[in-house]
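A short worksheet on the structure shown next.
The values are calculated or read from the model by the stated rules, or taken from the named source; none is laboratory data. Everything quoted here is computed from the prediction, not taken from an experiment. Here the Cβ is made from the backbone with ideal geometry for all residues, glycine too, and neighbour counts use every protein chain on show.
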Amino acid sequence: MTGTLAFTALVLAALVAAIPATALSQQQTPFNTSLLPTYYTLAAIAYHKDNVFTAWDCPLCKSPSVSDVINAVYLPTQTPERPEQGYIAVSPSLKTIIFSIDGTDDLDEWINNLKVWKRSWSNLHGCSSNVEVHSGFWNTWIELRGSMEPTLVSYLQAFPSYSVTFVGHSLGGAATLVAAVDLVNRRALSANRAILVSFGQPRVGNIEFAQCVGAMGFKQTARVVNKKDVVPVEYCDSHLPPIFLGYAHHSHEYWIDLYDVLVTNCNDDTGGEADNCSRTLDADLSVPDHVNYYNIALP
Ligand SMILES: *[C@@H]1O[C@H](CO)[C@@H](O)[C@H](O)[C@H]1NC(C)=O
Ligand SMILES: *[C@@H]1O[C@H](CO)[C@@H](O)[C@H](O)[C@H]1NC(C)=O
């Protein structure tokens, strides 16, 4: 008996010694990757408008993995010049509140005209005062914050044992990430209750921002990249806020490789830019790969 205990203690000590300090500070609940297509379905639904949400009535809404969703509420801006929209809903089967902001209806135009101006975000609790984020993604969130923040707060109270899953595709993934970081910073939500999942997300801010996302203590984060998706992947003069203009991705990348295999061990634990997953691609980046995750068509 004593021998077994001593042996167990030795094994535990060896295990703890084997975990590098950086990994300990960013430890997260293991990600259940078989849920990723479900999260993508929820992100795609954000492209819908109005009454789809009240009745949860659209072809994707009827997918078996999300058909039990309740309490969905559509939260658009009231300004015609900035037609951003988000939704909040509840998934009883996932025991989570869903929070999503849509991408754009005109992806081609966006890919060609993406502005790259950054703004300072110096008051992020526990992070570098040099954090900067893309001003367009910030502005999108600020347009929506007045309606989405109070709605989320009321859902957090109504479903006290549920997590919150922030899901978004493309620009929507970027704005949703800014929202999650801001809501935690404003203490509307604790990070260890929040799961971040994005698909085809462009870079959102500088390396200090990427590191800040890693240090905030989110329950889980997944940044999914589909094959040669032109938006998240870096290539030469890529318009999508590129590394040479001071942009960086946050961890953890999950890459659907060219053989349709999900690569889960990308080397991005310390910063964000994995060097052995999607960044191993060096040419022929693809717009179709940006809009065809899991062969699920966007609405
Ligand atoms: C992961 O999610 C799948 C799909 O919902 C579920 O069947 C499975 O039990 C989950 N696995 C774990 C370890 O939670
Ligand atoms: C990426 O690099 C990390 C660290 O070296 C390694 O553990 C992981 O297996 C690599 N993954 C791939 C897909 O090559």
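Here is how the numbers come out for the structure above:
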read-out: Elements of type strands (runs of 3 or more DSSP E) contained in the range 66-108, each with 3 or more residues being at pLDDT 95 or above, buried (at least 19 other Cβ atoms within 10 Å of the Cβ) and of a type in the set (Asp, Glu); value: none
read-out: Filter pass, Leu177 being assigned to a strand (DSSP E or B) and at pLDDT 95 or above; value: no
read-out: Residue in the range 23-43 that is in contact with a helix residue (DSSP H, G or I) (Cβ under 9 Å, 6 or more places away or on another chain), exposed (fewer than 14 other Cβ atoms within 10 Å of the Cβ), farther than 30 Å from Asp268 by Cα and not charged (D, E, K, R) present; value: no
read-out: Cross-chain or 6+ apart pairs with Cβ under 8 Å, the range 238-262 first and more than 16 Å from Asp275 (Cβ to Cβ), then within 16 Å of ligand 1 (Cβ to nearest atom) and at pLDDT 90 or above; value: Ile256/Val224; Ile256/Leu262; Leu262/Thr33; Leu262/Leu36; Leu262/Tyr254
read-out: Among the residues listed as Val213, Val197, the single one being part of a strand (DSSP E or B), among the β-branched types (Val, Ile, Thr) and surrounded by 19 or more Cβ atoms within 10 Å (Cβ to Cβ); value: Val197
read-out: Selection within the range 251-299 - hydroxyl-bearing (Ser, Thr, Tyr), in a loop (DSSP other than H, G, I, E, B) and under 22 Å from Ala210 (Cα atoms); value: Ser251, Thr264, Thr270
read-out: Filter result (surrounded by fewer than 16 Cβ atoms within 10 Å (Cβ to Cβ), among the β-branched types (Val, Ile, Thr) and modelled with pLDDT of 85 or more) within the range 235-262; value: Val261
